[in-house]
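Here's a structure for you.
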Amino acid sequence: MLGAYALGSAVGGLWYGTRHWRAPLERRFAITLACTVAGVATFWLQPGLVSLFAVIIVAGMSISPTADRRLRPDRAAGAAGAADRGHDLALVGDLGGGGDRLPLA
């Protein structure tokens, strides 16, 4: 079932990332977050695994846009400095499997 959520997230992220949006970023975030919450809130209502699988995919499609890097508070304030670069390094280290071995300096 977690794979269904990942599949939906990948499809939603690709779709979201290839569009040119006119709506402001904050509005898009609020809409996709509401869709994610609404989708996840219906998991317990599903009568079987097939319908649960479908709902999880749809809910997963709305989670990727909520992870947009431009929504981070330090980005919104315009304070992209050393802390921002440190976050980026930690993310790359985690993806590469060596996040716990990155130098701190």
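The values are calculated or read from the model by the stated rules, or taken from the named source; none is laboratory data. Just so it is clear, the structure is predicted and the values come from calculations on it, not from any experiment. Positions of Cβ are generated from backbone atoms using ideal geometry, with glycine treated the same way; all protein chains shown enter the neighbour counts.
Which of (1) β-branched (Val, Ile, Thr); (2) touching a helix residue (DSSP H, G or I) at 6+ places or on another chain (Cβ under 9 Å); (3) exposed (fewer than 13 other Cβ atoms within 10 Å of the Cβ) is the odd one out, the single condition Val50 does not satisfy?
(2)
Could I ask something else about it? Could you figure out which of (1) at pLDDT 90 or above; (2) surrounded by fewer than 15 Cβ atoms within 10 Å (Cβ to Cβ) isn't true of His87?
Among (1) at pLDDT 90 or above; (2) surrounded by fewer than 15 Cβ atoms within 10 Å (Cβ to Cβ), His87 violates only (1).
Sticking with this structure for a sec: Pairs, please: C-beta under 9 Å, at least 6 apart or cross-chain, first residue under 9 Å from Met1 (Cα atoms) and in segment 45-56, second polar (S, T, N, Q)?
Hits for this filter: Leu52/Gln46; Phe53/Gln46; Ile56/Gln46.
So for segment 11-19 (the condition being among the hydroxyl-bearing types (Ser, Thr, Tyr), closer than 9 Å to Ile63 by Cα and surrounded by 15 or more Cβ atoms within 10 Å (Cβ to Cβ)), does at least one residue qualify?
No, there is no match, as no residue in segment 11-19 is among the hydroxyl-bearing types (Ser, Thr, Tyr), closer than 9 Å to Ile63 by Cα and surrounded by 15 or more Cβ atoms within 10 Å (Cβ to Cβ).
So which residues in segment 1-10 are within 15 Å of Ser51 (Cα to Cα), of a type outside the set (Gly, Ala, Ser) and surrounded by 13 or more Cβ atoms within 10 Å (Cβ to Cβ), if there are any at all?
Tyr5
Does Ala41 satisfy being without any contact (Cβ under 8 Å) to a residue 24 or more places away in the chain and aliphatic (A, V, I, L, M)?
yes
Among the residues of segment 65-76, are any part of a loop (DSSP other than H, G, I, E, B) and at pLDDT below 90?
Yes, there is a match, as at least one residue in segment 65-76 is part of a loop (DSSP other than H, G, I, E, B) and at pLDDT below 90.
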